[in-house]
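Student: The structure's right below; bear with me while I get my questions together.
The values are calculated or read from the model by the stated rules, or taken from the named source; none is laboratory data. Remember, it's a predicted structure, so these values are computed and weren't measured experimentally. When we count neighbours, we look across all protein chains shown, and the Cβ atoms used for this are built from the backbone with ideal geometry, even at glycine. The area values use the complete protein model at the heavy-atom level, side chains included, leaving out ligands, DNA and RNA. Shrake-Rupley method; radii C 1.70, N 1.55, O 1.52, S 1.80 Å.
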Amino acid sequence: MLSHLRTMWLVFLHLFHKRETIQYPEEKIQLHPRWRGRIVLTKDPDGGERCVGCYLCAAACPVDCIALQATEDEDGRRYPEFFRINFSRCIFCGYCEEACPTYAIQLIPDFEMAEYKRQDLVFEKEDLLIDSQGKYPGYNFYKVAGLDAGVKEKGKGDNEEEPVDIKSLLP
Amino acid sequence: MPKIYIDNKSFDVKAGKNLLETCLSLGYDLPYFCWHPAMGSIGACRQCAVRVFKDEEDTKGRIVMSCMENVKEGLRMSVSDEMATAFRAQVVEWLMTNHPHDCPVCDEGGSCHLQDVTVMTGHDYRRFEYKKRTYTNQYLGPFIHHEMNRCIQCYRCVRFYRDYAGGDDLNVFSAHNHVYFGREKDGILQSPFSGNLAEVCPTGVFTDKTLKEHYTRKWDLTTAPSICQHCSLGCNTIPGERYGKLRNIVNRYNGEVNGYFLCDRGRFGYEFVNSENRITQPIIRNRTIEAVSHDLLIQHLAMLLPGQTLIGIGSPRASVESNYSLRELVGKENFYQGVNDDQVFLEQKIVDILQSGCVHTPSLKEIEEADAVLVLGEDIWNTAPIMALAVRQSVMKTAAAESLEQVPLPAWHDVAVKELVQEAKGFLANVTVLPSPLNEIAACSMQGAPDDMARLGFGIAHILNPTLPSVGVIMEKAIIIAEALKHAKRPVIITGTGGCNDGLIRAAYDIAVALKTEDRKPGLAFVLPECNSMGLAMMRAPSLEKVAGRVQNTPNVTVVILENDLYRRIPAAKADAFFRQCKNIIVLDALHNRTTEKAHVLIPAATFAEADGTFVNNEGRAQRSCQVFMPAINTIKESFKWLWEIKALLTSASNGQEKHPDELLARLESSLTQFAGISAVAPPRDFRIHGSAIPRESHRYSGRTAMLSNLAVSEPKPLQDDDSPLSFTMEGYRGMPPAPLIPSFWAPGWNSGQAVNKYQQEVGGPLKGGDPGIRLFEQTTATPVFSRDIPDAFVPRPNKWLLLPQHHIFGTGELSMYTKGIAERSPEPYITLSKWDAEQLGAVKGDLLSVKTDEKIYTFPLIIEESLQDGIVLMPAGLQGMDVWSWGAWVNITK
Ligand code: SF4
Ligand code: SF4
Ligand code: SF4
Ligand code: SF4
Ligand code: FES
């Protein structure tokens, strides 16, 4: 009996609390930057496509909704020839972002992607690529990688020595 | 069998092995880099450390490199020991101090031995704060990509390239921590085995350049066990597909056949499958819209065929199933081998010899283990490259075995053995028209005309068995070779159809039979031209010339040509005449060629990658090649499926029931007894393990729900495979499949091809359950009949030259030429003469000469070969788009 009364009292008190529900869509919710929503492909600080087509995101994806094909430009820089995410399958787990060694693929705070046709939830590279570094500014994979893909020459990286002169026997 | 203790567990192990092999055979995951099962140990990388104890009491023990320590009775060791584990982790950490941050853009990633070992040892964070060493790369030709920063200095590449395969243009340069693995300067790697570097190198320094064009990770490939299509050896391969295109080929270990290696023609010659030149739709010629649907084609054939005399032309590059199906369609008496008279004659001779049971034909493994080899008249370097590699191993191993008799060293101890052997070589006699790279290791080599080489052979046979006819003067070389063969226990004689001379085959047979004694087991190996030449020859059908003759006399025939370009078999004029006389020409093939142009009805056939099929290799080993992927276009089908569909149109009783390879082989066996046993080539199509099929896709195959979602967002039903126990999905039995059905080598912790260790009974031994393949010829106790018919010595004729083929590993193959890199390395047509002959004609190198043969004149630049026998002219065999010439004919040459 007592507990019933207590419950009613607590419910009554809620009348005077601040409201938790908002009037969506007139009113928008504030999302945190690390909120896992729509997936984008970002660009590096120099404006190049960050994705190097390594397939790690695709392998990490538990529902296998990422498909891509890597290709190379004439400098040997790898990038995806196509990059497709089937958002009708995506569960927004963020594993792809975790797997990505280049910060290319990122989940952003946007969930407003509803479509009338399921087919419209298939996003291609044109739909995914944004002109921004997203959450992780400042990183350009090709500046730290060992290979020369037209971004920095061999031995010109911060952590690299000049290429070995193989004709020399000096230590 | 010594007993050893690993972490206090006792094991009975094989003597004469090192601890690393032993541990791996027992299933331990012990990391290693520099050791390779085919190349032995050098102890360079220090990765395979274990702790060995003196005895039971010893608790301290000592760290040793397991690859450098022999198995000893009662030996105690520890793999999981703390100090050994820490040592191994430390070694990887050191190796990684200079390793670039490349995995995401490294083609090795996902099948990288270095990744495997790094994960296995637990190293994960670079503590070293200093800079990384860097190198510049080299251009190494169309097959291999170079990224030298990734090197861990294990020396496997040079050991394979130089020591194992005999190449000399890859080496190690510089010193100390600057060692560099590459060429003296940029340039194409010359060895035809260079592609193996991609698998031998444990890192991404050397990677497959053709894969780079359409890069896909190992885990994303759909793979199936397959058979190489580019020569008669039938090396086992694993082709990988993604998005409907073939992406690469890697080696599939078969202890009896190719072992760990493939040649570059086999590895890179897959691009024809993706060619623009593929036939994708049925074509009915001479109508407004020639490309037709499946149903229209069948309707057309149903009208066209009844009441016609059907003649079938088989093919040495089509599977046993397809050839047999054609034979069933047209009837035994109307089935012809799509091969010219001379070739059929030679191949028949070979089949007769092998079927007689008088002589043993060795596998490649047995050739490797031979202790004396005679190559009689076959340019195996170009016609059977992996056999040449096996012959090289025989020469090296024999020398090592002889040295080890004096100084007892363990055979796996590569450095010590090399030091001991020095320049000594086992016995190889290489008798060919032109010198070949094998001559460098040959104790005895000779160049001559085929008749003279055959006479040398008969001379050897006469020395071995004096009751055989003598060739007159006994050549000194014959004595040397006969002596060496006599002293061998396992001599092997190799010949083939490449010399275009039946005397060579008969002479080789005489030698092999004459060598047979109680304790000497000679082997006689034959090289044939194509992947199923043996299977077709065993069907014993008449030649192309015979069918041409028949068509002349019987008007209104309909010919069905199976995967065969007749312009590569008989001279163009004859082929043209033949086609003119046929009323209807129905051609099944995968790629457009000169024959498909003549077709009235053209039916798209599946290539090996899209088909199941059985191929019989040069030793008579039937091997199953499984379908890798289903062609996206449903009008592309296996030839045998088409042929049964056509047959259903003719026999009202059958209702077009689909035929599967299993049923076809079972029927073949009962109608042609020479194929007895072939139906056991692979487990039947309803074979399941715990109710599950064997998946073609890896367990981490990605993109299933996105690959095709651009076309339709609902995923299609998974493809069904009714022809084999393999499935097209990633679901299924993940344990050890039967050896003929291994779609790819993978084991927990071993993403790289090194996982093969887990599939073998013992490291470097046969696969679990036995190496795949059913040998169709067995030696019996039949009494041999010698051949006594010795050809006359070769005499050059005035103003006439004997026309012979020169084979090219890159160039001669019909299908491999669709690979850009192979086409790049193929020669331009030429005419080769001896120096003396060139002088007689007053021609110098590069001059245009004209050869008149088969009523046509061909003008090509001259190449002069000093060692070529006078009176012979060599021209390249089987170049793309070239006519075939009448090999063995006498031709005129004018300037
Ligand atoms: S993990 Fe990152 S770099 Fe790799 S393919 Fe995916 S998005 Fe591209
Ligand atoms: S060699 Fe292996 S570890 Fe090194 S970058 Fe390539 S994939 Fe990574
Ligand atoms: S290139 Fe590869 S095989 Fe050669 S030493 Fe370096 S890591 Fe070893
Ligand atoms: S030797 Fe012949 S069968 Fe083997 S890989 Fe080379 S071409 Fe293929
Ligand atoms: S594998 Fe033993 S030292 Fe390299």
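Student: Inside the range B:521-626, counting only helices (runs of 4 or more DSSP H) that do not spill past its ends, which hold 3 or more residues that are at pLDDT 95 or above and open to solvent by less than 10 Å² (accessible area, probe 1.4 Å)? Show your work before the answer.
Tutor: On the way: elements: B:533-537, B:544-553, B:572-581, B:594-598.
In the range B:521-626, the matching helices (runs of 4 or more DSSP H) lie at B:533-537.
Student: Right, another one. Within the range B:708-728, track down each residue that is within 14 Å of another protein chain (Cβ to nearest Cβ) and open to solvent by 30 Å² or more (accessible area, probe 1.4 Å).
Tutor: Filtering the range B:708-728 down to residues within 14 Å of another protein chain (Cβ to nearest Cβ) leaves B:708-716, B:718.
Once the filter is applied, which keeps residues that are within 14 Å of another protein chain (Cβ to nearest Cβ) and open to solvent by 30 Å² or more (accessible area, probe 1.4 Å), the range B:708-728 yields B:708, B:710, B:711, B:712, B:714, B:715, B:716, B:718.
Student: Please state which one of B:364, B:326, B:404, B:409 is closer than 24 Å to residue B:510 by Cβ and among the aliphatic types (A, V, I, L, M).
Tutor: Details: B:326 fails: closer than 24 Å to residue B:510 by Cβ; B:404 fails: closer than 24 Å to residue B:510 by Cβ; B:409 fails: closer than 24 Å to residue B:510 by Cβ.
After applying the criteria, what remains is B:364.
Student: Please give the number of the condition residue B:42 fails out of (1) open to solvent by 60 Å² or more (accessible area, probe 1.4 Å); (2) in contact with a helix residue (DSSP H, G or I) (Cβ under 6 Å, 6 or more places away or on another chain).
Tutor: Of (1) open to solvent by 60 Å² or more (accessible area, probe 1.4 Å); (2) in contact with a helix residue (DSSP H, G or I) (Cβ under 6 Å, 6 or more places away or on another chain), only one is false for residue B:42: (1).
Student: Here is a follow-up. Scanning the range B:687-700 for residues that are assigned to a loop (DSSP other than H, G, I, E, B) and closer than 28 Å to residue B:660 by Cα, which turns out most open to solvent (accessible area, probe 1.4 Å)? So that I can check it myself, show each step before the final result.
Tutor: Our first condition is that a residue be assigned to a loop (DSSP other than H, G, I, E, B); within the range B:687-700, this holds for B:687-688, B:690-691, B:693, B:696, B:698-700.
Among the residues that remain, those that are also closer than 28 Å to residue B:660 by Cα are: B:687-688, B:690-691, B:693, B:696, B:698-699.
Values: B:687: 58, B:688: 104, B:690: 164, B:691: 67, B:693: 19, B:696: 4, B:698: 29, B:699: 82 Å².
Only one residue fits best here, namely B:690.
Student: A further question follows. With the structure loaded, tell me whether residue B:428 is assigned by TED's automatic domain parsing to the domain that holds residue B:362, closer than 16 Å to residue B:166 by Cβ and not basic (Lys, Arg) or whether it fails that test.
Tutor: Values: assigned by TED's automatic domain parsing to the domain that holds residue B:362: yes; closer than 16 Å to residue B:166 by Cβ: yes; not basic (Lys, Arg): yes.
When the stated conditions are applied, residue B:428 passes them.
Student: Of (1) within 16 Å of ligand 3 (Cβ to nearest atom); (2) charged (D, E, K, R); (3) closer than 17 Å to residue B:764 by Cβ, residue B:14 satisfies all except one. Which?
Tutor: Going through the list (1) within 16 Å of ligand 3 (Cβ to nearest atom); (2) charged (D, E, K, R); (3) closer than 17 Å to residue B:764 by Cβ, residue B:14 breaks only (1).
Student: Another question about this same structure. Considering (1) buried (at least 17 other Cβ atoms within 10 Å of the Cβ); (2) under 33 Å from the mean Cα position of the chain (by Cα); (3) in contact (Cβ under 8 Å) with a residue 60 or more places away in the chain, say which one residue B:19 fails and leave the rest.
Tutor: Checking residue B:19 against (1) buried (at least 17 other Cβ atoms within 10 Å of the Cβ); (2) under 33 Å from the mean Cα position of the chain (by Cα); (3) in contact (Cβ under 8 Å) with a residue 60 or more places away in the chain, the one that fails is (3).
Student: On to the next question. If the requirement is being closer than 29 Å to residue B:18 by Cβ and without any contact (Cβ under 8 Å) to a residue 40 or more places away in the chain, which of these qualifies: B:73, B:82, B:108, B:129? First the steps, then the outcome.
Tutor: On the way: B:73 fails: without any contact (Cβ under 8 Å) to a residue 40 or more places away in the chain; B:108 fails: without any contact (Cβ under 8 Å) to a residue 40 or more places away in the chain; B:129 fails: closer than 29 Å to residue B:18 by Cβ.
After applying the criteria, what remains is B:82.
Student: From the list B:687, B:675, B:615, which residue is touching a residue at least 60 places away in the same chain (Cβ under 8 Å) and within 22 Å of residue B:252 (Cβ to Cβ)?
Tutor: Working: B:687 fails: touching a residue at least 60 places away in the same chain (Cβ under 8 Å); B:675 fails: within 22 Å of residue B:252 (Cβ to Cβ).
Answer to the check: B:615.
Student: Also, quick follow-up: Check every one of the strands (runs of 3 or more DSSP E) wholly within the range A:39-143 and list those with 3 or more residues that are within 12 Å of chain B (Cβ to nearest Cβ) and buried (at least 17 other Cβ atoms within 10 Å of the Cβ).
Tutor: Values: elements: A:39-41, A:66-72, A:78-86, A:105-107.
Passing ranges, in order: A:66-72, A:78-86.
Student: Yes or no: residue B:106 within 16 Å of ligand 5 (Cβ to nearest atom), buried (at least 22 other Cβ atoms within 10 Å of the Cβ) and of a type outside the set (Ser, Thr, Tyr)? Full working, then the answer.
Tutor: Values: within 16 Å of ligand 5 (Cβ to nearest atom): no; buried (at least 22 other Cβ atoms within 10 Å of the Cβ): yes; of a type outside the set (Ser, Thr, Tyr): yes.
No.
Student: If you don't mind, another one. Please enumerate the residues belonging to the range B:99-151 that are of a type in the set (A, V, I, L, M, F, W, C) and either within 16 Å of ligand 4 (Cβ to nearest atom) or touching an Asp or Glu at 6+ places or on another chain (Cβ under 8 Å) (or both). Talk me through it step by step, then tell me what you get.
Tutor: Applying the first criterion (of a type in the set (A, V, I, L, M, F, W, C)) to the range B:99-151 yields B:103, B:105-106, B:112, B:114, B:117, B:119-120, B:128, B:140, B:143-144, B:148, B:151.
The answer is B:106, B:114, B:120, B:128, B:140, B:143, B:144.
Student: Report whether or not residue B:166 is within 16 Å of ligand 4 (Cβ to nearest atom), more than 14 Å from every other protein chain (Cβ to nearest Cβ) and not aliphatic (A, V, I, L, M).
Tutor: Details: within 16 Å of ligand 4 (Cβ to nearest atom): yes; more than 14 Å from every other protein chain (Cβ to nearest Cβ): yes; not aliphatic (A, V, I, L, M): yes.
Yes; evaluated as a whole, the condition is true for this residue.
Student: Can you spot a residue in the range B:531-547 that is touching a residue at least 24 places away in the same chain (Cβ under 8 Å) and on the phi > 0 side of the Ramachandran plot?
Tutor: Our first condition is that a residue be touching a residue at least 24 places away in the same chain (Cβ under 8 Å); within the range B:531-547, this holds for B:531-547.
So of that shortlist, the ones also on the phi > 0 side of the Ramachandran plot come out as B:540.
Yes, the range B:531-547 has at least one match.
Student: Would you confirm whether any residue within the range B:74-94 is more than 16 Å from ligand 4 (Cβ to nearest atom), open to solvent by 50 Å² or more (accessible area, probe 1.4 Å) and under 30 Å from residue B:262 (Cα atoms)? Spell out the reasoning first.
Tutor: Of the residues in the range B:74-94, the ones more than 16 Å from ligand 4 (Cβ to nearest atom) are B:74-94.
Imposing the further condition that a residue be open to solvent by 50 Å² or more (accessible area, probe 1.4 Å) reduces the set to B:80, B:82-83, B:85-87, B:90, B:94.
Then keep just the ones that are under 30 Å from residue B:262 (Cα atoms); that gives none.
Looking through the range B:74-94, none of the residues is more than 16 Å from ligand 4 (Cβ to nearest atom), open to solvent by 50 Å² or more (accessible area, probe 1.4 Å) and under 30 Å from residue B:262 (Cα atoms).
Student: Of the residues that sit in the range B:189-221 and are over 22 Å from residue B:116 (Cβ atoms) and within 14 Å of chain A (Cβ to nearest Cβ), which one is surrounded by the most Cβ atoms within 10 Å (Cβ to Cβ)? Steps first, please.
Tutor: Going residue by residue through the range B:189-221, those that are over 22 Å from residue B:116 (Cβ atoms) are B:189-194, B:209-210, B:213-214.
Now drop any that are not within 14 Å of chain A (Cβ to nearest Cβ), which leaves B:209-210, B:213-214.
Working: B:209: 20, B:210: 25, B:213: 15, B:214: 18.
Applying the filter and picking the extreme gives B:210.
Student: For the range B:230-278, which residues satisfy the criterion of being surrounded by fewer than 24 Cβ atoms within 10 Å (Cβ to Cβ) and of a type in the set (S, T, N, Q)?
Tutor: B:274, B:275, B:277
Each row is one residue, and each column tells you yes or no for (1) modelled with pLDDT of 95 or more; (2) within 19 Å of residue A:157 (Cβ to Cβ); (3) open to solvent by less than 10 Å² (accessible area, probe 1.4 Å); (4) away from chain A (no Cβ under 14 Å).
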{"site": "B:102", "(1), (2), (3), (4)": "no, yes, yes, no"}
{"site": "B:113", "(1), (2), (3), (4)": "yes, no, yes, yes"}
{"site": "B:123", "(1), (2), (3), (4)": "no, no, no, yes"}
{"site": "B:129", "(1), (2), (3), (4)": "no, yes, no, no"}
{"site": "B:142", "(1), (2), (3), (4)": "yes, no, no, yes"}
{"site": "B:156", "(1), (2), (3), (4)": "yes, no, yes, yes"}
{"site": "B:160", "(1), (2), (3), (4)": "yes, no, yes, yes"}
{"site": "B:176", "(1), (2), (3), (4)": "no, no, no, no"}
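Student: From the list B:329, B:438, B:389, which residue is of a type in the set (A, V, I, L, M), over 23 Å from the mean Cα position of the chain (by Cα) and in a helix (DSSP H, G or I)?
Tutor: Exactly one residue qualifies, and that residue is B:329.
Student: Count, please, the residues in the range B:241-278 that happen to be closer than 20 Å to residue B:207 by Cα and either among the acidic types (Asp, Glu) or without any contact (Cβ under 8 Å) to a residue 60 or more places away in the chain (or both).
Tutor: 8
Student: Same structure again: Kindly evaluate residue A:31 against the criterion of being away from ligand 3 (no atom under 16 Å from the Cβ), assigned to a loop (DSSP other than H, G, I, E, B) and more than 18 Å from residue A:123 (Cβ to Cβ).
Tutor: Working: away from ligand 3 (no atom under 16 Å from the Cβ): yes; assigned to a loop (DSSP other than H, G, I, E, B): yes; more than 18 Å from residue A:123 (Cβ to Cβ): yes.
Yes.
Student: I would also like to ask the following. Can you pull out the residues in the range B:32-65 that are under 30 Å from the mean Cα position of the chain (by Cα) and either assigned to a loop (DSSP other than H, G, I, E, B) or in the same structural domain as residue B:392 (by TED's automatic domain parsing) (or both)?
Tutor: Within the range B:32-65, the subset under 30 Å from the mean Cα position of the chain (by Cα) is B:32-42.
Answer for the range B:32-65, where residues must be under 30 Å from the mean Cα position of the chain (by Cα) and either assigned to a loop (DSSP other than H, G, I, E, B) or in the same structural domain as residue B:392 (by TED's automatic domain parsing) (or both): B:32, B:33, B:34, B:35, B:37, B:38, B:39, B:42.
Student: Okay, next question. Restricting to the range A:149-164, count the residues that are open to solvent by 60 Å² or more (accessible area, probe 1.4 Å) and either facing another protein chain (nearest Cβ under 8 Å) or not in a loop (DSSP other than H, G, I, E, B) (or both). Quick ask: steps written out before the conclusion?
Tutor: To start, the set of residues in the range A:149-164 that are open to solvent by 60 Å² or more (accessible area, probe 1.4 Å) comprises A:153, A:156, A:158, A:161-162.
Within this subset, residues satisfying the condition of being either facing another protein chain (nearest Cβ under 8 Å) or not in a loop (DSSP other than H, G, I, E, B) (or both) are A:161-162.
Residues that pass the stated criteria total 2.
Student: Still on this structure, please answer the following. What tally of residues in the range B:24-56 results from selecting those that are of a type in the set (D, E, K, R) and within 16 Å of ligand 3 (Cβ to nearest atom)? Show your work before the answer.
Tutor: Step one: filter the range B:24-56 for residues of a type in the set (D, E, K, R), giving B:29, B:46, B:51, B:54-56.
Filter again for within 16 Å of ligand 3 (Cβ to nearest atom), leaving B:46.
Within the range B:24-56, residues that are of a type in the set (D, E, K, R) and within 16 Å of ligand 3 (Cβ to nearest atom) number 1.
Student: Yes or no: the range B:428-435 includes at least one residue that is of a type outside the set (Phe, Trp, Tyr), in a helix (DSSP H, G or I) and either closer than 27 Å to residue B:233 by Cβ or without any contact (Cβ under 8 Å) to a residue 40 or more places away in the chain (or both).
Tutor: No; the residues of the range B:428-435 include none that is of a type outside the set (Phe, Trp, Tyr), in a helix (DSSP H, G or I) and either closer than 27 Å to residue B:233 by Cβ or without any contact (Cβ under 8 Å) to a residue 40 or more places away in the chain (or both).
Student: Only one of these conditions is not met by residue B:317: (1) surrounded by fewer than 21 Cβ atoms within 10 Å (Cβ to Cβ); (2) modelled with pLDDT of 90 or more. Which number is it?
Tutor: That leaves (1) as the condition not met.
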